[in-house]
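**Q** First the structure, then my questions, so here it is.
The values are calculated or read from the model by the stated rules, or taken from the named source; none is laboratory data. Keep in mind that this is a model prediction, so the values were computed, not measured. Glycine also receives a Cβ, built like all others from the backbone with ideal geometry; neighbour counts cover every protein chain displayed. Heads up: the accessible areas ignore ligands, DNA and RNA and are worked out on the full protein's heavy atoms, side chains in. Shrake-Rupley method; radii C 1.70, N 1.55, O 1.52, S 1.80 Å.
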Amino acid sequence: MRRIRIQLRAELMLLARNSEQLLLTLIIPVLLLGFFGSVDVLPSADMEPIQFLTPGVLAIAIMSSSMVSLGIATGFERSYLVLKRLGATPLTRSELVIAKILSVFTVQLIQAIILLSLGLALGWQPGG
């Protein structure tokens, strides 16, 4: 369990240092929801745009962070031989996967808190 916590911390530190991942996972969804939730440019018949924007942006943010964190970042780690170096550590494959999954879950939890708070501030009503 200690190795998983150490690798989880390393994964989160890498995410914080990687500006592309940070931009895609946190900044762009907040900007999209903030901009389109505050202007009246979307065609919506009888529904407020924020009512479908908040769940939609949240879903896109969660999917994009999953693909970026697990797919693209792991590909970069493979090309930079990070995964090969990790093979020389006592960390097992399953512990690496668990740490990556927990890292993505932590990022998605932060995304959900930020986006739902922004949606509520812009007038989103859950279930309404």
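**Q** Just the C-alpha atoms of the chain: what Rg/Rh do they give, with Rh taken as the Kirkwood radius? Let's see the in-between values first.
**A** On the way: Rg = 17.7 Å, Rh = 16.1 Å.
Across the chain, the Cα-based Rg/Rh ratio is 1.10.
**Q** Between the range 94-118 and the range 1-68, what's the alpha-carbon centroid distance in Å?
**A** 11
**Q** Rolling a 1.4 Å sphere over the protein heavy atoms, what is the accessible area per residue of the chain, to the nearest Å²? Each step should come with its number before you reach the end.
**A** Details: 8380 Å² over 128 residues.
Per-residue value: 65 Å².
**Q** Right, another one. When the Kirkwood hydrodynamic radius is evaluated over all pairs of different C-alpha atoms of the range 20-85, what value in angstrom, to one decimal, is obtained? Provide the component values of the computation, followed by the final result.
**A** Details: mean 1/r = 0.0732 Å⁻¹.
Roughly 13.7 Å, rounded to one decimal.
**Q** Among 107, 68, 39, which one moves the most in a GNM of the chain with springs linking Cα atoms closer than 10 Å?
**A** 39
**Q** With every protein chain in place, what's the accessible area of residue 72 (1.4 Å probe, Å², nearest 10)?
**A** 90
**Q** Tally up the carbon and sulfur contribution to the accessible surface of the chain as a whole percent, 1.4 Å probe, everything protein left in place. Kindly include the intermediate steps, with their values, before the conclusion.
**A** Numbers: 5840 of 8380 Å².
After summing per-atom areas, the C and S share lands at 70 percent.
**Q** Can you list which of the chymotrypsin sites (Phe, Trp or Tyr not before Pro) found in the range 20-128 are DSSP loop residues with at most 15 other C-beta atoms within 10 Å?
**A** When the chymotrypsin sites (Phe, Trp or Tyr not before Pro) of the range 20-128 are filtered for loop state and at most 15 Cβ neighbours within 10 Å, 80 remain.
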